[in-house]
Amino acid sequence: MEIDVRNLICPQPLIRVKKHLDTGDCGAFDIIFSDNTEGNIAVENVSRFLRKNNREFTAADEPGIKRIRVSAGNGAIAVREPEPTSCSAFQTENGIMTAVIKSDVIGSDEKELGRILMHSFLRTLPEAMSEKNRAVFLNSGVKLAVVDSEFLSDLEGLEKKGFELYVCGTCLDYFSLKPLLKVGKVSNMMEIVTLIKESGSVICLT
């Protein structure tokens, strides 16, 4: 069986794959992607999704396409209903921490002060280390992760300390910044919601 997601914009390829797995079909199948930038991003997103759901697969480039070949598995993925969250910090026994950054400065009154505070926050964040750490960048927060950003060294420091950085692809497209992404992985809203839902603690900056 083949799932053809060529020319689909993220997160549609990931949604198509998830819907197939939700049917409970345990058989092997192939996923066909476009051989372009959007295809590369979709391959990365789908690959992370398959790994998180313990599905074995191989990825390969073929003439004019990219292909992921998924091995036979154990059935549908487990889906939990999302729990309501807010932008206040919350914590459970889960050891995963996620920082949600929605702006390129902290606060809205004094931009220069906001820049200084953002530098301080990113450099201090590793002090809150848990078992696994992620940072999600939304809205103008994606500007922190692109070429010529003054925050690149801070973000590279987070990666060295074990943080996974996820950057909203829709937001990058809105600001025409996707080709300039320097640090982190291009992500989509489905993955971001899942990351927040499965976190034990969330820090949300506006």
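Calculate how many DSSP beta bridges within the chain are antiparallel, expressed in % of all such bridges and rounded to the nearest 5. DSSP beta bridges in the chain are roughly 40 percent antiparallel. Measuring between alpha carbons in the structure, the pairs from Lys111/Lys132; Lys52/Lys185; Lys111/Lys197 lying more than 26 angstrom apart are Lys111/Lys132; Lys111/Lys197.
Taking one quarter of the surface of the C-alpha convex hull of the chain gives a mean projected area of 12.3 nm².
For the chain, which whole percent of the accessible surface, found with a 1.4 angstrom probe, sits on carbon and sulfur atoms? Whole-percent figure for carbon plus sulfur exposure: 51.
Summed over qualifying helices (DSSP H, 4 residues or more, each -39500 (n - 2.57)) and divided by its residue number, the chain shows a 222 nm mean residue ellipticity of -9500 deg cm²/dmol.
Karplus-derived 3J(HN,Hα) values for region 50-61, using 6.51 cos²θ - 1.76 cosθ + 1.60 with θ = phi - 60°, are 5, 5, 5, 9, 6, 9, 6, 7, 10, 10, 8, 8 Hz; glycine and proline are entered as x.
Say a site is exposed when it is one of the GluC sites (Glu not before Pro), sits in a DSSP loop, and has at most 10 other Cβ atoms within 10 Å; what is then the longest site-free stretch of the chain? Display every interim value, and only then the final one.
Values: sites that count: Glu93, Glu131.
Within the chain, the longest run free of exposed GluC sites (Glu not before Pro) spans 1-92.
Computed over protein heavy atoms with a 1.4 Å probe, the accessible surface of the chain works out to 53 Å² per residue.
The values are calculated or read from the model by the stated rules, or taken from the named source; none is laboratory data. Remember, predicted model here, so these are calculated numbers, not experimental data. Heads up, the Cβs are rebuilt from the backbone with ideal geometry, glycines too, and the neighbour counts pull from every protein chain shown. Ligands, DNA and RNA are excluded from the accessible area calculation, which covers all protein heavy atoms including side chains. Shrake-Rupley method; radii C 1.70, N 1.55, O 1.52, S 1.80 Å.
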